[in-house]
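Read-outs: derived from the displayed coordinates by stated rules, not from any lab. In this text, all values refer to a predicted model and were calculated from it rather than measured experimentally. Note that we place each Cβ from the backbone using ideal geometry, even for glycine, and neighbour counts take in every protein chain shown.
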Amino acid sequence: MQKAKRIDVHMHIVLHPELVPDCKWGGRMLTAEEHMEYWDKIDIDYGVLLPIVAPEGQLHPMPCEDAKIVADKYPDKFAWFCNIDPRFMNNAETSDFKVMLQHYKNLGAKGVGELTSNMHVDDPRVQKLFAACAELDMPVTIHIGFKEGGCYGIIDDLHLPKIEKLLQDYPNLKLIGHSQPFWMEMGTDVTEENRNNHCPTTKVEEGRIAELMRKYPNLYGDLSAGSGSNALMRDEEYAIKFIEEFSDRLMYGCDICAKTNDLHYKFDAWLNRMVDEGKISIENYNKIVRENAIRILKLDI
């Protein structure tokens with residue numbers, strides 16, 4: 001069996017780069033064409049576009065419509081998610097998001113996200129959005145935030161109690177976990193002070209992520225950025241066990257936000273070495289980098 005071509009499940013793009021300001025990461029988001037320039041270097045042949053519509057953590061919005069335009073232009077290269085800020089419509093818990101979600105699903109959206117609104121998970125407006133996603137079978141990629149203000153992402157407490165209740169309340173909701181406060185829960189050494197750490201180096205004593213994934217089959221893992229990739233790379237011995245147990249629910253991604261980003265190259269080298277040394281099976285590698293995305297997101301490829 002050969003290594004499969006990879007699908008990047010976490011991509012952001014800018015449609016009109018000449019019109020947007022540089023972002024805080026040392027540049028602007030890449031265009032679709034700029035993304036595809038590096039794909040051969042890390043064996044990617046397909047990507048999932050995630051618009052960002054919330055104001056937190058960015059200088060310009062990335063509309064759902066832009067993602068669809070790019071996917072329509074390159075149908076053999078991209079799928080797309082739509083996105084909804086829970087403050088949309090009338091900013092009330094009575095807002096009915098099903099109409100908007102059904103509209104985007106009819107247009108071809110495969111899921112919702114990246115959800116970055118800086119609102120508490122148990123806010124009724126957020127809950128209303130998740131309920132609609134569950135009813136319409138639209139997976140949601142979430143960015144967990146660690147505080148209100150000076151941060152982006154839906155807010156949960158240490159050890160993710162609100163996420164657990166969400167998984168309990170909506171068993172049909174496909175929740176795709178992402179961000180530092182999510183992946184720091186890989187181990188037991190997470191604290192209020194370090195839960196937004198991008199790249200911890202400590203060995204992993206099994207924490208909440210494995211516990212939640214065992215209890216809730218509707219929780220999935222997005223391995224993009226330093227948060228997701230480093231959750232595996234920080235402790236190779238534990239990563240082998242984690243991948244073996246949860247190989248059906250992990251998905252490869254990059255989350256490149258500027259041309260200066262380079263963590264995806266480090267993760268590429270790590271994945272290849274782990275397979276070449278027989279520490280990850282080809283079967284599990286192929287699931288993580290391609291097959292799971294096709295199955296979970298119902299991609300038409």
| Summing -39500 (n - 2.57) over the DSSP H runs of n ≥ 4 in the chain and dividing by its residue number, what mean residue ellipticity at 222 nm do you reach, to the nearest 500 deg cm²/dmol? | -10000 deg cm²/dmol
| task | Please sort 42-50, 133-141, 225-233 by packing, taking for each peptide the average over its residues of neighbouring beta carbons within 10 angstrom, highest first. | result | 225-233, 42-50, 133-141
| query | With each pseudo-label sitting 7 Å past Cα toward Cβ, what's the N90-T201 distance in nm, one decimal? | reply | 5.5 nm
| query | So for S281, S224, S247, fewest C-beta neighbours within 10 Å to most, what's the order? | reply | S281, S247, S224
| query | Where both residues lie in the chain, what percent of DSSP beta bridges are antiparallel, nearest 5? | reply | 10 percent
| note | Ordered by fewest other Cβ atoms within 10 Å, a rough proxy for footprinting exposure, M274, M89 read M89, M274
| field | Length-normalised contact order for the chain - Cα pairs under 8 Å, 6+ apart - percent | value | 18 percent
| field | Sorted by Cβ neighbour density within 10 Å, fewest at the top, the residues E185, E237 | value | E237, E185
| request: With θ set to phi - 60°, apply the Karplus curve 6.51 cos²θ - 1.76 cosθ + 1.60 along the range 281-287 and write out the HN-Hα couplings as whole Hz, x wherever there is a Gly or Pro. | output: 6, 4, 4, 5, 4, 5, 4
| task | Name the long-range amide H neighbours of L49: under 5 Å, sequence gap of 5 or more, or other chain; modelled H, no Pro or chain starts. | result | A79, W80, F81
| request: Take the alpha carbon gyration tensor of the chain, find the square roots of its eigenvalues, order them as a ≥ b ≥ c, and report rounded if a/c is under 1.5; if not, report prolate when a/b exceeds b/c, else oblate. | output: rounded
| Rounded to the nearest 0.05, what FRET efficiency do K259 and K279 have when you use their Cβ-Cβ distance and R0 = 35 Å? | 0.65
| field | Global geometry of the range 110-269, whether rounded, prolate or oblate, following the gyration tensor of its Cα atoms and the 1.5 cut on a/c | value | rounded
